[in-house]
Structures are given as structure tokens and as C-alpha cells.
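Here's the structure we're looking at; comments come further down.
What follows is calculated from the coordinates using simple rules that are stated; it is not laboratory data. Just so it is clear, the structure is predicted and the values come from calculations on it, not from any experiment. A quick note on method: Cβ atoms are made from the backbone with ideal geometry, for glycine too, and the neighbour counts reach across all protein chains shown.
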């Protein structure tokens, strides 16, 4: 397999993602601030009284209607699968669709989050991406068409409801409703029996045939009516707005939440309804919103996690459970991570709310105060370790399970809500049932945070801070509040809990910043290294010889005919170069390395790879960035004759006149020369004011040097320079690793050494000589080049005085080499900078300190 294409560039820069997170946080903060402005004083107590006024029949009916809405949502998947002409068992469709909509409704961006669930589940059932796209399209079009038709009907049949909320007369509202219905009818006529692409310019969307449009619209109308009814039954009885009018206003609030990009429209949805329903008391409306979010969002999420956990236990006994397990298993860690995250958010919110007098326990005050702090601290820890669960970290599982077992007692002792205390054991049961799915050995501090998870943690913290100031808005802030300890001291207790949460976040962030590495993987012994010699004899790249340094772990193929050199640093598992071995063996080793990185919970990174296996790296989902170019001197028919070799011939003659001579010492002769070679090496290191490097280079280790022949340059009977020789007979490639000379060696000694090696290699049948890589050179210079190229060129330009990137390339260019690219293959996004940092630290680490 050879490379003929240009590797891909990194994904969008992090600043755009950060800006998107900040915009989302700002929108949510403004919406929450506007909500608080609807109450003059004691707003929390008004809302709490309204929540307590909700009857069990209202809550039960809202739950029943919400679940019926989810059943209708499953129908969109069935229509999409029928249109894709790829029917699947009803159990798989039902579970997948329920899970996709539960995740999409809770996390937002339903087409993306729900689409990801469908890709994994339906993809395993044999559907192509295009066929899965049909299913996602049906859900999206269903919402659009259903909302379009319902909103038009609401404005037509009950315009007074919109007229109360909008500064326009009822007749104008009636006209807008008629226009929307006419537009819908025109769209039905336009799509015809075959479907049609509708839009303008490059912004176009495919609309299916009229029959399919009518089916998804009818189903969507029923589903949206059920979802809005689940909210409507929680509102107090009213005569100003009927159900039809409420459906239209509900849809406007839903669309506002979607446009805001805030997950589940939190805050934006509630504020929109307050403005659209001015005749409803704010406390009653927000109480209905709280109950609606619990029954319509949280309950399906916890049901998904519970269903997945039960399927993992019952799968050997029933075929239905087996189907559920097949569908849910790939998403089990994500489901449980979301459940743990939700439990942590509930603990934080519960720790902010005041404890009613009837829930105050007759426990000593120190126990109550300590329990309150422990509950909030445990909540923020559950938020932070949720992503580790998502990535199947065993350490995260152990910590989450321990917290869910230990936290119900503090939650109860501090007088928290009984629902919160009962949720934790349920989550613990799900964690225990799914324990086999959390097998990765990665450390929590090595987990790279994803942008969505950072956003969700930030949203919970913003909501908690807002809730604190909203609930205790009637309490005048004083410094003495921090030191008030009393059974009824809710405000001081909440302040102290929030301070502890902030301290925990700061400590966690600093620990991640300061955490650099952990113990390396076990290193091979001498016997293992000797077993690699038959493989090295068949290698085509001299870079494979760096395995003999002994500072890297060795991952061998099943048959022992190939291996990967690897080591871990920080959050990365770094492979040195491509796998060594025949092409089929190397391909299998790439996937085996990926599995090892998955088991350890580390990001897979291939450093200084060639272009040979680029397709396999892309199959792993990795991004390739160019590190530089390797100089390869052709040795076929190499000689010093001719005008093209005039400079080399002059350098060689100059060395001869200075009394330099060349000889090659076999590996068996090296131990006797180590004393003199060590003297040269120490003097060279002192002159360069440097230290030994590792991983990608060898260091002066007697055992390592004794494994290779050494090229020697002598003057007046003493050695003035040396270099150990790497050979790849199968590829007819020659190279050197450790190159050192005395400070008083004649000028041009190293040029003389290289020229002699070229001549020796040509005489012994070698066809090329590797001079090593020139970092950050040979990159694209065009203004439209990829971001990595622009960044690397900037580093090379401004870092020239520290490293000499162009100087190193000029030195190697005088030997008239051919340039071969070398790449870094690593996950993209936020992982790429972390991978580069880990590799940089690893290759600059003194082997003696590893």
C-alpha cells in the first residue's frame, strides 16, 4: 500500500468551539436573569408552593402523555427505514429510536446526537450512511412539517391567544395562519409524487414524495399534540387560551429553545412561555416547567440507563433482552455517564435549595453541615468523572460507584429531597450491572475533555449559581454569613457549599494542567530484544532499529513476525514510526495498537510515520499532519566523480589531507572501544550543553551501542568521531543514529564520515542512505494551506534561532538527497495539540529518567 493522496488537515480551531460555548452560556444566563426579573421577592417560595400544588393525577397524566409522545417518535424511524427499503426487527427499531430521542431531547442538537445513536445501531444492522440519513431526515422533516401545520391551525382557529402575547391585532394573526396553511398546501403540490429539492442557491433540501410528507406530518401532529398536552395538563385551569392556542405558543417556545443552542432550551423555553402566556402566574408556569422537565426529559434518560443495565443482566435468558442488549451495549457507557451527570447536577441543585422544616432531621449540627458539604462535593465530582465513564474508564467507574453508594446518606442527613437520595442507589445498580463495560485503565487526569462535556458542566454551574442568588435574593449579603452555623441557616450553608464546589473545580483544573505523565510501560529485556533481530533483518526502513534502544515497550504480532515500538506519556500512547513487519502483519498491528490504546484509555498516536499506511490511519479516525521531510541520499552507482559531486569530492579530499581515515568496527569489536567512545561522547555533550534524548533516538548506552557496527574516523592513531550504523537489508537502506566527535576534530570531519559511509554503502549493495528528518520543513507555503501548515511555518520561522530548522535542512541538502515526508497520526480536535505536547515531552526526556 502506497500513499498517493495528501493527508487530511486538523479540524476547526478550538477558538470557534470556545466561542460557541460562551455564546450558549451567555444566552442561558440572560434567559435565567430575565426569569428572575419576573419575581419581585420570595420567588422561590412561590414556585415551591406551586409545585406542591400539583396533584399526583396531573403528574401521572403528564408522564403518560410524554411517554405516548416518545412512542410516536419511534414511528419516524419506522417510516425512514421503510423508505430506505431496509426493514429491521421492531425491538431494534423501538429501542434505538427511544434512545436516540431521549439523548437528543436532553442534550440538544437532536439530529446530531440522535443521529450518532442511529449510525452505531443501524450501521451494525447493515444500513449505509445514506439509508441512516433517510431515517434522520424523517424525524427532522416530521418536526418541521408538524410544527408548520399546527402553528398555522393555531393562528387560524384561536388567534386571540397569540394576540395576547404579540403586539398585533387578532385579524393579522388570523391572516398569518391562513398564509402558513396555504404555504403548506403549496409545498404538498410542489413535491408531487416523486419528491423534489427545494431551496435557493447552495442551500437546498430534499423533500420526499407527497405520501411520505403526509405520513410524517400526521404522525408529527399527533406527537406534538401529546408533548404539548403533557405540559398543558400541568398548568392551572384557564379560560383565556384553549388547548389549540396553547399548542401554537408551545411550539414557538420550543423553536426558541432550539435556536438558542442551549441543551433542551433550558431557561430560554421557560422565558418564552412566560412572555407568550402573560395571564398565567409566573410561579405556576415555572412549577409546570420543572415538573415537565422531570417527566419528559429526565425520566426517559434514567429509563434508558435502567433498560440498558437490565438488558446487560438478562441477556442470556430472553431473546427480547438479547435484542435490547445488542442495541444498547455500544451506548451503555454513554447512557450511564449521562445518568451519573444528571445525578451530580441534582445533588448540586438540591444542595442549593433551602431545607423545609418538616425535612430537618434531629441530627447534630456538625453532622448536618458536613453532610451538606459532602453532598455538594460529591455532586461536582460526579459531573467531572462523567466523561471518564463515557470513555469506559475503570477508575471513573470505581469512583462513580463508590460515590453513588456513599452519597445517599449525606443527602438524607442534610435534609435533601427523597427523590435525589433514591436516584443515587438506582444509578449505582446500573453501574454495577454494567461493570464489565468499563475496562480501560486510563487515569482520570489523562482524559482529554470534549467540548460538549465542558459546555454541559459549565451550564450546570451557571444554573446552580443563578439558583443560589434567586432562592436567597431576600437575604442581604454580609461577610458574617460565611460563619453562621445554625439548623435553619440555609443561605450560609449553600454559600459554603458553592465555595467548596469552586475550590474542587480549581484543584481539578490545576491537577490536569500540572499532570504530565505516569509510569512508563514495562521495558523489554535483552532476550526480548534479541528475538527482534530476525524481524529487523526483514525491515525496509532503518528507523525500525531504534527498537534496540530498549526504552520502548514492544507490542508483537500473534505470530511474532512483526512488532510496534510504543510508550505512554501523559494521555497518549505513542508508537514510534510504522509497525515493523510485512504489510498484512503491519495492518493488523495498527489495529492491535489501537485496541491497546483503547484498553489503557489513552489516545493513539503514531510518530514519524511514512506515507505507506495512511489509509489505515484514516480508518482509525486519526488525523495526519506533516512533521517534516526525511533526507534520502541515493546510493545506486554512487561515486565522487563528475561535476555534480564536486563539493563532496573536495570535502573528502580535504579530510584525507587532514590525516583522516575511516574504518567500520563490527558489533563484536565495540565493547573494547567503549571507553574511548564514552570520552568522545561526554566531550560532545559538554560542548553542546545538552543531554541525552530518547524514544526516537538512541543514547550512549553500552548495551545499545554493542548491538550495531560503529563507523570510526581516526586521525593520528586516535578516534575523533564515531557513529553507530543502522541497516535495513530488505529495503537496502543504510543510516546512522548516534553521531559524535571530539571538540578538536578537524573541520569537516562529519562530512568526511558521511561520504565514506555513502561509498561503503554503495560498495555493499545499499541503494539509499537516510540522513534523518528535517523537522517543520517542506510544508505548504500557500496562503490557503491547512491550519497546521500555517502554524508549523510560523513556528519554524520564529524558532529558527533556537533550533535552526532551515540550517539543518541546508546541511542535509548539500548531499543532494531525495525528500520523503514524515507524519504524525493522532486524533483531531482538542486531542491533536495534547498529542503533540506529549510526543514533544517524550522525545526530549532523558532516558535515564524514564
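Would you calculate the separation in nanometres between label points at residue 189 and residue 499, each defined as 7 Å from the Cα along the Cα-to-beta-carbon direction?
7.1
What is the distance in Å between the Cα centroid of region 28-79 and that of region 220-278?
About 10 Å separates the Cα centre of region 28-79 from the one of region 220-278.
Using 1/(1 + (r/R0)^6) with R0 = 22 angstrom and r between the beta carbons of residue 706 and residue 653, what's the FRET efficiency to the nearest 0.05? Write out the running numbers ahead of the final one.
Details: r = 34 Å, r/R0 = 1.53.
Approximately 0.05, to the nearest 0.05.
Could you compute the FRET efficiency for residue 275 and residue 583, with r as their C-beta to C-beta distance and R0 at 51 Å, rounded to 0.05?
Values: r = 65 Å, r/R0 = 1.28.
E(calc), rounded to 0.05, equals 0.20.
Multiply the residue gap between residue 744 and residue 458 by 0.36 nm, knock off their C-alpha separation, and tell me the result in nm, one decimal place. Can you show the working numbers first?
Details: separation 286, 0.36 × 286 = 102.96 nm, distance 6.16 nm.
Contour length minus Cα-Cα distance gives 96.8 nm.
What FRET efficiency would be calculated for the residue pair residue 85, residue 558, taking the C-beta separation as r and a Förster radius of 45 Å, to the nearest 0.05? Please list the in-between numbers first.
Details: r = 41 Å, r/R0 = 0.91.
Computed FRET efficiency for residue 85 and residue 558 comes out at 0.65.
Please compute the length gained on full extension between residue 26 and residue 666, using 0.36 nm multiplied by the number of residues separating them and subtracting their Cα-Cα distance.
223.4 nm
How far is it, in nm, from the label point at residue 767 to the one at residue 144 when both lie 7 Å from their Cα along the line to the Cβ?
Label-label distance for residue 767 and residue 144, simple model: 5.7 nm.
Quickly rank 648-658, 623-633, 731-741 as a protection proxy: mean count of other C-beta atoms within 10 Å, highest first. Present the calculation step by step, with values, prior to reporting the outcome.
Working: 648-658: 16.3, 623-633: 22.5, 731-741: 20.6.
Sorting 648-658, 623-633, 731-741 by mean packing, highest first, produces 623-633, 731-741, 648-658.
So what's the gap between the Cα centers of region 668-745 and region 528-575, to the nearest angstrom?
When both Cα centres are located, 21 Å separates them.
Once the piece of chain linking residue 409 and residue 52 is laid out straight, how much longer is it, given 0.36 nm per residue of separation minus the C-alpha distance between them? Present the calculation step by step, with values, prior to reporting the outcome.
Details: separation 357, 0.36 × 357 = 128.52 nm, distance 2.47 nm.
That pair, residue 409 and residue 52, stretches by 126.1 nm at full extension.
Remind me, what semi-axes does region 200-300 give for its equivalent ellipsoid, largest first in whole Å, using sqrt of 5 times each Cα gyration tensor eigenvalue?
On the way: eigenvalues 153, 56, 39 Å².
Over the Cα atoms of region 200-300, the ellipsoid semi-axes are 28, 17, 14 Å.
Please give the direction-averaged projected area of the C-alpha convex hull for region 526-622, in square nanometres with one decimal.
5.9
Across region 642-753, how large is the tail of the calculated P(r) beyond 20 Å, expressed as a percent of all Cα pairs?
Values: 2760 of 6216 pairs.
Looking at region 642-753, the distances longer than 20 Å represent 44 percent of pairs.
Below 8 Å, C-alpha to C-alpha, sequence gap of six or more: please give me the relative contact order for region 526-622 in percent. Before the final figure, lay out the partial values.
Details: 124 pairs, mean separation 21.6, N = 97.
Reported relative contact order: 22 percent.
Take every DSSP beta bridge whose two residues both sit in region 526-622, then give the antiparallel share in percent to the nearest 5. Please report the intermediate quantities before stating the final value.
Numbers: 9 of 14 bridges.
Percentage antiparallel, nearest 5: 65.
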